[in-house]
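Here's the structure, in structure tokens; my notes come after.
Just so it is clear, none of the values below were taken in a lab; they were calculated from the coordinates. All values derive from a computational prediction rather than experimental measurement. Cβ sites come from the backbone with ideal geometry, for glycine too, and all protein chains shown count toward neighbours.
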Amino acid sequence: MIYVLIAILIILGFWLVSTYNFFVTTKTRVGASIQEIGNQLKRQSELIPNLESSAEGYLKHEKGIFDELTSARKAITSAVKSGDLNKMADAGKQLADVLPKIQVVVESNPEIKASEVVKTLMDELRDTSDKVMYARRLLIDLTADYNVKMVTFPSNLAAKIFRFEVLKGLETPTDGDGLKVSGEEMKTPKVNL
Amino acid sequence: MKNIYEVQTSNKIKSFVIVAIFVAFVFVATYFLTKALGYYMGYEPGGLGYLGLALIISGVSSFFSYYYSDKIVLGISGARPAIRTRDFNFFTVAENIAIGDGLPKPKLYVIDDTSPNAFATGRNPEHAAICVTTGLLSKLDRTELEGVVAHEMTHIKNYDTRLMSVVSVMVGLIALLGDWFTRSMFWGRRRDDREGNAGSIILVIGILFAILSPIIGTLIQLAISRRREYMADAGSVEITRQPQGLISALEKISSDPSPLRSANRATAHLFISNPFKNNKQKGTGFLTNLFNTHPPVSERIKLLQEMA
């Protein structure tokens with residue numbers, strides 16, 4: 001009888017240790033994934049001026065877009081400096097807004113489209129925004145893993161014992177236009193070429 | 001309609017059940033084969049015994065192919081390392097998927113072959129390699145390539161090379177024991193039948209296992225391989241969230257008629273889609289499926305569409 005009790009205690013101990021380790025490991029990885037987002041945004045802000053200067057010659061007459069690109073880059077630099085995750089996300093969005101505009105210019109002008117320099121610019125811009133997106137995906141997935149264990153049985157008991165807290169992950173507003181569909185948006189958009 | 005998390009849970013359970021059946025089968029088969037072999041030879045060798053000997057032989061040969069899996073396979077396939085400027089999409093997509101998975105970027109290789117295909121190998125994420133053909137790079141766009149690379153990345157994340165190596169050690173072990181037993185019946189001298197009925201029953205069971213278990217073992221091995229493909233498909237969707245990319249990539253890969261020149265039986269299970277294209281004419285027949293390393297593409301696409 002006493003042996004059975006000891007065996008149960010040992011198994012319980014192992015479970016407690018492994019659950020504790022899961023929480024602290026995932027927490028550390030979440031921290032690292034936030035740094036990775038900053039890292040990718042920094043890469044982006046260093047990459048874009050170089051791409052700009054090499055492509056500028058081809059796109060002289062489209063000065064406005066480059067101004068927008070420059071301000072998007074500045075916003076990213078200051079957001080990374082401040083370390084605020086929300087600001088970083090905003091800055092990334094600014095860049096994403098400029099992208100389609102460049103696409104329009106490139107596609108309406110076959111001479112530019114043919115240019116290898118501009119093709120490289122487009123490829124690199126898509127790649128850098130993909131990288132930021134995947135860095136965020138890692139943060140989202142890790143926080144989801146962590147938070148699922150926080151609320152499911154029996155790991156939620158261990159979480160209570162060690163006083164772990166729910167992680168916020170990528171902060172997104174829980175209300176606002178993003179979560180509503182207006183009557184206008186219900187109509188199928190028409191594309192005019 | 002199932003969401004990606006439900007698909008993954010059911011995949012994990014099914015995979016566990018198949019592997020458990022496999023382990024149980026290996027246990028029973030080796031037990032009876034060693035028993036029959038011992039009976040036939042007239043003595044049980046001490047120490048390691050027949051089982052230990054077979055395990056060592058099968059294990060050593062498979063250990064090398066497992067430990068050096070990245071180097072061996074790449075050597076056979078004649079692959080060149082990928083370069084960022086030359087294979088921009090492949091290189092950067094792999095970088096990005098590795099970021100999304102939180103894994104180190106695997107080594108990247110390109111095989112010069114017009115048949116579109118891809119595979120992953122390596123004993124752990126630190127020693128992993130992803131290899132694609134030039135045909136794949138020229139036929140797929142970036143989104144489709146993301147689906148394929150994410151599929152391979154999931155194989156790496158799930159340690160599939162390790163699992164399949166262990167499984168092939170076990171299948172090799174059973175085949176070796178069965179082989180020894182049948183040989184000893186041909187060449188060995190049969191000892192006097194002093195133990196009567198019990199002995200002959202063990203012999204009959206031994207013969208049955210010697211004939212059937214290599215086949216059964218291989219069939220379970222293939223079932224495991226197919227299950228891991230489904231898991232990799234689901235994992236690909238988990239990272240990219242774009243089932244459409246992998247769906248159209250699979251359609252393009254399966255509709256391409258040319259078989260891969262550098263593939264052979266030993267490496268077939270590694271590829272994203274069966275490199276021999278022998279599932280073309282028969283479709284999804286039960287028997288054809290039973291002997292395939294990969295599930296039929298139509299079935300995989302159907303499951304992916306449910307996740308979309």
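Points to keep in mind about this one:
- Cβ-Cβ FRET estimate between residue B:183 and residue A:54, R0 fixed at 45 Å, reported to 0.05: 0.05
- Given +1 at the Cβ of Lys and Arg, -1 at the Cβ of Asp and Glu and no other charges, the dipole of chain A around its Cα centre is 660 debye to the nearest 20.
- One decimal place: the segment residue A:188-residue A:27 gains 53.7 nm when fully extended, by the rule 0.36 nm per residue minus the C-alpha distance.
- Between residue B:241 and residue B:302, the contour length at 0.36 nm per residue exceeds the Cα-Cα span by 20.3 nm.
- Packing-based exposure ordering (other Cβ within 10 Å, fewest first) of B:151, B:127, B:294: B:127, B:294, B:151
- Chain A - percent relative contact order, Cα under 8 Å, separation 6 or more: 29 percent
- Positive-end residue, the range A:1-58 charge dipole about Cα centroid, Cβ charges, pick of A:54, A:17, A:33: A:17
- Using the Cβ-Cβ distance between residue A:179 and residue B:9 with R0 = 30 Å, the FRET efficiency computed as 1/(1 + (r/R0)^6) comes to roughly 0.65.
- Extended-chain gain in nm, criterion 0.36 nm per residue less alpha-carbon gap, residue B:162 and residue B:17: 50.4 nm
- For the range A:140-193, chymotrypsin sites (Phe, Trp or Tyr not before Pro) meeting the loop criterion (DSSP other than H, G, I, E, B) and having at most 15 other Cβ atoms within 10 Å: A:162.
- MRE, 222 nm, helices only [DSSP H, n ≥ 4, -39500 (n - 2.57), over chain A, to nearest 500]: -27000 deg cm²/dmol
- Two-site label geometry, residue A:152 and residue A:74: point separation in nm, points 7 Å out along Cα→Cβ: 4.8 nm
- FRET E, pair residue B:51, residue B:212, Förster distance 25 Å, beta-carbon r, rounded to 0.05: 0.85
- Principal semi-axes of the equivalent ellipsoid, √(5λ) from the alpha carbon gyration tensor of the range A:2-165, are 50, 14, 11 Å from largest down.
- Cβ-based exposure ranking for A:69, A:12, B:260, A:47, in which fewest neighbours within 10 Å come first: A:12, A:47, A:69, B:260
- Among the trypsin sites (Lys or Arg not before Pro) in the range A:161-193, those placed in a DSSP loop whose Cβ has at most 10 other Cβ atoms within 10 Å are A:163, A:180, A:187, A:190.
- Ordering B:307, A:150 by the number of other Cβ atoms within 10 Å of each residue's own Cβ, fewest first, gives A:150, B:307.
- Cα-based reach from residue B:35 at 13 Å (exclusive), listing aspartates and glutamates while leaving out same-chain residues under 8 positions away: B:44
- The range A:125-163 residues near the modelled residue A:15 label - backbone nitrogen below 13 Å, point 7 Å along Cα→Cβ: A:153-159
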